[in-house]
Amino acid sequence: MGIKVQLPDNSVVEHPAGIRPIDIAEEISKALAKRAIGAKVDGKLWDLTRPLDSNCELRLILEKDPEAPHFFRHTFSHILAQAVKRLFGDSKVKLGIGPVIENGFYYDFDIGSTRFSEDDLARIEEKMRKIIEEDLPVERFELPREEAVELMKEKGEDYKVELIQELESDTATFYKQGDFVDLCRGPHASSTGAVKYFKLISVSGAYWRGDERNAMLQRIYGTAFSKKAELEEHLKMIEEAKKRDHRKLGPQLGLFGFSSAYAPGMAIYHPKGTVVLNELMRFARELHQAHGYEEIDTPLVMNEALWHKSGHWDHYRENMYFIEKDEQKYAIKPMNCPGHMLVYKADTVSYRDLPLKLFEFGRVHRYERSGVLHGLFRVRGFIQDDAHVFCTRDQMEAEIEKVIEFVSLTYEPFGFNYRAELSTRPENFMGNIESWELATQALKNALDSSGLEYRVNEGDGAFYGPKIDFHIKDSLGREWQCATIQLDFLMPVRFELTYIDPDNREVQPVMIHRAIYGSIDRFFGIIVEHFGGAFPTWLAPVQAKIIAIADRHADYAWSVASILKKKGLRVEVDDRQRSTNYKIREAQMNKIPYMLIVGDMEQSSGTIAVRLRSETDLGSTPLEEFLDNVLSEIRNRSLESPFE
RNA sequence: GCCAACGUAGCUCAACCGGCAGAGCGGCUCAUUCGUAAUGAGCAGGUUAUGGGUUCAAGUCCCAUCGUUGGCUCCA
């Protein structure tokens, strides 16, 4: 019986059933067969050696194809498991799961009370290289569920047994390479010799199936690429990321610090960091004012009763801090919404007042488990640029569109790429399905008309409403969640919010909860890493450093400083008795945008010698010319210096 | 919270098998007056995270606490 196989160039070849993609590749050319790592059959990833048994479309996956890493990374994870079994004993090692992840793979192991050490990684790597050298063929086979369970029981693979028993299909797929057999959906490279460049990265604990009630397994992470250069670039990127780490740069540049003994999880902003924070807030404030938001300020500490009413007591208590005084119980706010409710309710609202937009730089505190704290990215106290838009149902979609536009305006001066995610109704939702449908559709429509790239996360919304999250891609390609737009069905009900409609009836408003920076602290951390500490001039804590060459230039340096300061520039004078080289080096390492060097020449001609942190030396420049350019650079919140 | 590693001067890191806590940078003082990434000399700086234990002797070994770092479904 023949089957018809359609190739990407639309040609169709006929072969007997059972032919393998690798055979077809060889028929086309030996070289092609050698370069192929896998195949795609009717859109599904397929092993090169897995027989084709019906008419299909076939595409070979070469090293350069985006699907290629899936094949070899998955095989790497099996080689890792095989190496661990060889080193620590087949019967001692129980396997968890070993999937492909971005840039690499991992495998979870249960090896009893033994722990992998960092040194073990080198030994395991060595053993892996040996398995690659052995060039073991990777073979796929299927077993009926019962037999599959038998096989895994026999091998003492308790976790695999659990997985098979939960399978939906009647058969389980296995892959075998030499003495190693693993339950696996596949696909894989066709032999252990077909994979090349990898490195084991780290070892850590991981709960079986990510549930902390389950056993703690040990996870080994690895990274793998098809080209050596790619692997090296990835490793270099990790190094680069370390250099840009805001936890390192922050203290180094005098921006902020942490007092782990006295305030774990709370950032302490020093003068320079506070300048940046204030600039971020000034920018946000300008935008909010221009877009019809009214700024408010609500208390940090409010009576516990408020939090019962808002529902936070029921749903968020674990993350809240409490205080008792005068036999009254108070909570430190973890969110700003209840405070905003009080502002809304202070007056009778007319439909003419809508949309009503209340905005606050709200400082919130949330208890986070010690293990999840991470620099400024995950803290226990932070400031949100938080606002609530109250509007009618008819206004809802237009208002969401405006917020999406607002996100783009806010991110523009930072040069970020970002994308959105829409999260829809979860299982434990509140309210009725119709409003959920309506709201989700409104979010979707607004996203569609924005032209923004977005992904849908079904069932990932908050219990009180659907939401859009925005993820910023930084200069190293890593993503961070910042802005969020959430519809809240719960709060207007709990606080009995109303407005008076044209027919003089009380109607419940729609409430949109949104933050653009999200947490200003996290956003700060992101831009520290994004710019590697070299902030655009409008954000730089010190915008210009005036460097006097010798003592006799100090007065002139200070007079230049005073002129610049009067124009609102943030300047410092360095008239210390150090060499010019020393002072330039220091300013350079502090990533100050402009170094203004003044000596005899400048003093006599009333100029300044401008050096950029990019090391460009502009030479003597009239003060006016410098000022005009820098002031407009700052006013425009430019990313680039006008002198570049 | 859980698993692992770690915690020595402001920072980066030494201190062998348990035997006098040290260096560079930074800071301060003095000399030097310097033209685009480090001038030289000197001085100060420590209850080795905290608390307990073992020992003639603890930064080092043991226990506890606190903190930091990497991770804790990207679902065979």
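Restricting attention to the range A:593-606, the residues that are open to solvent by less than 10 Å² (accessible area, probe 1.4 Å) and either in a loop (DSSP other than H, G, I, E, B) or in contact with a helix residue (DSSP H, G or I) (Cβ under 6 Å, 6 or more places away or on another chain) (or both) total 4. Picking from residues in the range A:582-600 that are within 30 Å of the chain's Cα centre (by Cα) and without any contact (Cβ under 8 Å) to a residue 60 or more places away in the chain, the one that is nearest to A:F626 (Cα to Cα) is A:P593.
Of all the criteria given as (1) touching a Cys at 6+ places or on another chain (Cβ under 9 Å); (2) crowded, with 16+ Cβ neighbours inside 10 Å, the one not satisfied by A:L447 is (1). Taken over the range A:129-172, the criterion of being of a type in the set (S, T, Y), closer than 21 Å to A:R209 by Cβ and at pLDDT below 90 is satisfied by A:S169 alone. Taking the range A:340-381 as the range and being part of a strand (DSSP E or B), within 16 Å of RNA strand B (Cβ to nearest atom) and either farther than 20 Å from A:R514 by Cα or of a type outside the set (D, E, K, R) (or both) as the test, the residues that pass are A:H365, A:H374, A:G381. Just to be sure I understand, how many residues within the range A:146-165 are farther than 22 Å from A:F76 by Cα and more than 9 Å from RNA strand B (Cβ to nearest atom)? Qualifying residue count, the range A:146-165: 12.
Of the set (1) out of contact with any strand residue (DSSP E or B) (no Cβ under 6 Å at 6 or more places or on another chain); (2) more than 9 Å from RNA strand B (Cβ to nearest atom); (3) not hydroxyl-bearing (S, T, Y), all apply to A:A515 but (1).
Every condition in (1) touching a Phe, Trp or Tyr at 6+ places or on another chain (Cβ under 8 Å); (2) assigned to a helix (DSSP H, G or I); (3) surrounded by fewer than 19 Cβ atoms within 10 Å (Cβ to Cβ); (4) without any contact (Cβ under 8 Å) to a residue 60 or more places away in the chain is met by A:Q289 except one, and the failing one is (1). Across the range A:96-104, a minimum of one residue is classified as touching an Asp or Glu at 6+ places or on another chain (Cβ under 6 Å), at pLDDT 90 or above and open to solvent by less than 30 Å² (accessible area, probe 1.4 Å). Among A:M281, A:M302, which is the only one that is at pLDDT 90 or above, surrounded by 15 or more Cβ atoms within 10 Å (Cβ to Cβ) and more than 25 Å from the chain's Cα centre (by Cα)? Answer to the check: A:M302. Only one entry of A:R129, A:R185 meets the criterion of being within 15 Å of RNA strand B (Cβ to nearest atom) and more than 19 Å from A:L217 (Cα to Cα), and that entry is A:R185. Of the strands (runs of 3 or more DSSP E) contained entirely in the range A:197-278, those carrying at least 3 residues that are open to solvent by 30 Å² or more (accessible area, probe 1.4 Å) fall at A:197-207, A:216-225.
Of the residues in the range A:607-622, at least one is modelled with pLDDT of 95 or more, assigned to a strand (DSSP E or B), buried (at least 16 other Cβ atoms within 10 Å of the Cβ) and basic (K, R).
The values are calculated or read from the model by the stated rules, or taken from the named source; none is laboratory data. Note that this is a predicted model, so its numbers are computed, not measured. Glycine gets a Cβ as well: all are built from the backbone with ideal geometry, and neighbour counts include every protein chain shown. Surface areas here come from the heavy atoms of the whole protein model, side chains and all, with no ligands, DNA or RNA. Shrake-Rupley method; radii C 1.70, N 1.55, O 1.52, S 1.80 Å.
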